[in-house]
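Below is one structure; the comments refer to it alone.
The values are calculated or read from the model by the stated rules, or taken from the named source; none is laboratory data. What you see is a predicted model, and the numbers here were worked out from it, not measured in a lab. All Cβ positions, glycine included, derive from the backbone under ideal geometry; neighbour counts span all protein chains shown.
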Amino acid sequence: MPKHWAASHESGPLTRLHAEGVGPRLARPGTYALLFACPRPARPRVGALGRVALEPGYLVYVGSAFGPGGLGGRLRHHLRRCSRPRWHVDHLRPHTRLLGAWCCNGDRDLEHAWAEAFADLPGASRPRLGFGSSDCRCPSHLLHLPRRPGAAAGPRRLRAARRGATLAFLSEDRLQLELA
């Protein structure tokens with residue numbers, strides 16, 4: 001792990017990584033996994049997919065940002081609620097609370113490996129096939145978890161799937177700060 005990434009532990013189950021100079025890292029391309037809390041059942045309409053049944057628990061949405069603006073541009077979009085949703089995940093925001101995101105820079109698209117890593121967690125399910133994966137052969141890039149991914153399980157699986165990229169989890173507050 002590079003020296004400028006320093007790990008600290010919060011009272012919650014996820015490892016929270018703080019970094020000096022995250023801003024420049026977020027300007028580069030990479031892969032991200034958004035972590036949402038879903039407090040109650042919901043059935044949002046998601047474009048051509050139709051209604052998607054969301055159960056209470058946690059949702060992880062895995063995506064990549066290889067266009068202009070890199071991770072920062074994409075995460076900035078996901079931090080706000082959209083009046084005109086563009087991506088499948090935009091339809092979740094009114095029904096969930098964003099807790100944070102795992103991020104890594106790299107010129108390789110790791111979203112498929114990360115989606116499978118989360119799908120392998122105990123109790124994981126796919127609320128709707130095709131969610132976020134209309135441009136690939138993955139079953140879904142949206143996963144439901146009955147429990148919040150633990151400090152070791154989620155990040156350990158992502159590190160195994162990241163193929164050498166630097167990995168960080170940024171809380172929603174930290175993302176707001178870094179992307180302001």
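Would you please list the contacts, defined by Cβ atoms under 6 Å and residues six or more apart or on different chains, that run from a residue in the range 43-64 that is under 30 Å from Arg28 (Cβ atoms) to a residue that is among the β-branched types (Val, Ile, Thr)?
Every condition considered, the pairs that remain are Val46/Val52; Tyr61/Val89; Ser64/Thr31.
Write out, first by first residue and then by second, each pair whose Cβ atoms fall under 7 Å of each other, whose residues are 6+ apart or on separate chains, and whose first residue, in the range 79-108, is closer than 19 Å to Asp135 by Cβ and in contact (Cβ under 8 Å) with a residue 12 or more places away in the chain while the second is of a type in the set (A, V, I, L, M, F, W, C) and surrounded by 20 or more Cβ atoms within 10 Å (Cβ to Cβ).
Every condition considered, the pairs that remain are His88/Val46; His88/Phe131; Val89/Leu34; His91/Val46; Leu92/Phe36; Leu92/Leu59.
Got at least one residue in the range 20-32 being over 20 Å from Ser171 (Cα atoms) and of a type in the set (Asp, Glu)?
No, there is no match, as no residue in the range 20-32 is over 20 Å from Ser171 (Cα atoms) and of a type in the set (Asp, Glu).
Tell me which helices (runs of 4 or more DSSP H) are completely within the range 66-180 and hold 1 or more residues being under 20 Å from Leu49 (Cα atoms) and modelled with pLDDT of 80 or more, or say none if there are none.
Details: elements: 70-79, 111-119, 153-161, 172-179.
Helices (runs of 4 or more DSSP H) meeting the threshold: 70-79, 111-119.
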